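> Sharing a structure here in structure tokens format.
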Amino acid sequence: MLALTSVWTTVLLAAAVALGPLATDMYLPALPAMGAALSAGADQVQLTLSVYMAGFALAQLLCGPLADRFGRKPVMLGGFLLFAVASLGCALTSDIETLIVCRFLQALGGSAGPVLGRAAIRDIYTPREAARILALLASIMALAPAVAPTLGGLMLEGLGWNAIFLALAGYALVMTLVVAIGIPEPMPADYRQPLRLCSLLANYRTIGSDPSFIGYTLTNALIFSALFAFLSGSSFVLIDFLAVAPQHFGLLFGLVVVGYIAGNLTAMKLGRRLVPDQVMLRGLVLAVFGGGLMAALAVAEVFTVWAVVVPQALVMMGVGMALPQTMAGALANFPRMAGSASALFGFSQMTVAATVGALVGHFYTGTSLVMALVVAVATVTALAAYLLLVQRYPAPGFEPAPEAGA
């Protein structure tokens, strides 16, 4: 097995964690076609995204404590196997209701990757180091969603939408073997927590009442919602409204992901001379600019592909800078409860994102306006959460150094 601090361990963790994003990004080009095949409206098809996020959120509340008791690997392996079975169910369904149920089960299994990947990084590294490693992990992970919509579009064109879920099932089985064979258990044995209801509730109460955790988690959930609003609405806006071919959708989506990767790499570079909170502020300001630009163009009825893709790429660059810092900051105070802290963090993130995604689908009017306005509002409220909470309650070691002579 690999050493825990090996860069290849980070690569394998990224590949495992990417299972969750793949389950959303790979089938995005197929959403309109799935609606037609299953006789479902845009709101019902978009519900498969929101239900996935809701299941993802709920499962983490159990997944984290289980991992704090039994270790990261066993829970991750069980989750991946459940994901594979549910993906097969998605591929074989013939109605939208069954697809929604299977997507929920898929989310229950897929949640193991992100929540335990974050916890494993916290197990291995200090909070300041974790911020940089999480940025590296995020940039590696982003390669999957960068190519996933293109692959999904090609599968849709040549094999039909069912093939996308078969591919996801295969990937989950491969990652089960990779994690089982290649990654050692990262959690120290003396960090294991009892699996009793009173202990779980006490741990969640301790974590959820920590003002630093609240600030970082709320900022994360809101800026992540800007990303998810685009995920929820982009295929309908670009394919249905702006007449982009499904096989070309992935290329445009890839440009947006390039912005995210650029943000991750920028965060890693700035992290050598700035504390994580300073990097986060720069990312949030950039995201607000991008979201405001997209909303302004939509209000002015500038309905073109580039009026959506370029501003969203700026938003994603800001998201790429901010997300790793919020993750590291939220987990900083809880080295012995990293699984539970990561679970509550992920639950909050996904719950807010699922709500935002449902709003985009419910209020969709056939143009980019609703999606653009939701993206803009999410970025502005994320910046407000940072200014009101994170700046007042920074994580230990994340405070800016005092000026010389101060």
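> Exactly one of these conditions fails for GLY366: (1) surrounded by fewer than 24 Cβ atoms within 10 Å (Cβ to Cβ); (2) in a helix (DSSP H, G or I); (3) modelled with pLDDT under 95. Give me its number.
With (1) surrounded by fewer than 24 Cβ atoms within 10 Å (Cβ to Cβ); (2) in a helix (DSSP H, G or I); (3) modelled with pLDDT under 95 applied to GLY366, the lone miss is (2).
> I would also like to ask the following. Identify, please: which residue in segment 254-308 is crowded, with 17+ Cβ neighbours inside 10 Å and among the hydroxyl-bearing types (Ser, Thr, Tyr) and is, among those, nearest to the chain's Cα centre (by Cα)?
TYR260
> Of the numbered conditions (1) in contact (Cβ under 8 Å) with a residue 40 or more places away in the chain; (2) part of a helix (DSSP H, G or I); (3) more than 25 Å from ALA180 (Cα to Cα); (4) aliphatic (A, V, I, L, M), LEU12 satisfies every one except a single condition; which is it?
Just one mismatch for LEU12, condition (3).
> Still on this model: Go through segment 86-106 and count every residue that is charged (D, E, K, R) and either outside any helix (DSSP H, G or I) or surrounded by fewer than 19 Cβ atoms within 10 Å (Cβ to Cβ) (or both).
Matching residues across segment 86-106 total 2.
> Of PRO276, PRO246, PRO311, which residue is under 23 Å from SER50 (Cα atoms) and of a type outside the set (A, V, I, L, M)?
After applying the criteria, what remains is PRO246.
> For segment 67-81, which residues satisfy the criterion of being assigned to a helix (DSSP H, G or I), closer than 10 Å to LEU116 by Cα and in contact (Cβ under 8 Å) with a residue 60 or more places away in the chain?
If the condition is that a residue be assigned to a helix (DSSP H, G or I), closer than 10 Å to LEU116 by Cα and in contact (Cβ under 8 Å) with a residue 60 or more places away in the chain, then ALA67, ASP68, ARG72, LYS73, MET76 are the ones that fit.
> Turning to a different aspect of this structure: With the requirement that a residue be farther than 17 Å from SER340 by Cα and hydroxyl-bearing (Ser, Thr, Tyr), what does segment 198-231 give you?
If the condition is that a residue be farther than 17 Å from SER340 by Cα and hydroxyl-bearing (Ser, Thr, Tyr), then THR219, SER225 are the ones that fit.
> Checking the structure you have, find out if any residue of segment 98-118 is modelled with pLDDT under 75 and of a type in the set (Val, Ile, Thr).
Within segment 98-118, one or more residues are modelled with pLDDT under 75 and of a type in the set (Val, Ile, Thr).
> Quick test for you: out of MET337, MET327, MET280, MET321, pick the one residue that is touching a Leu at 6+ places or on another chain (Cβ under 6 Å), assigned to a helix (DSSP H, G or I) and within 30 Å of MET187 (Cβ to Cβ).
It is MET327.
> For segment 61-81, which positions are farther than 19 Å from PRO194 by Cβ and under 20 Å from the mean Cα position of the chain (by Cα)? Walk me through it before giving the result.
Of all residues in segment 61-81, those farther than 19 Å from PRO194 by Cβ come to 73, 76-81.
Matches in segment 61-81: MET76, LEU77, GLY79, PHE80.
The values are calculated or read from the model by the stated rules, or taken from the named source; none is laboratory data. Please read these numbers as outputs of a predicted model, since none were measured by experiment. Backbone-built Cβ (ideal geometry, glycine too); neighbour counts: all protein chains shown.
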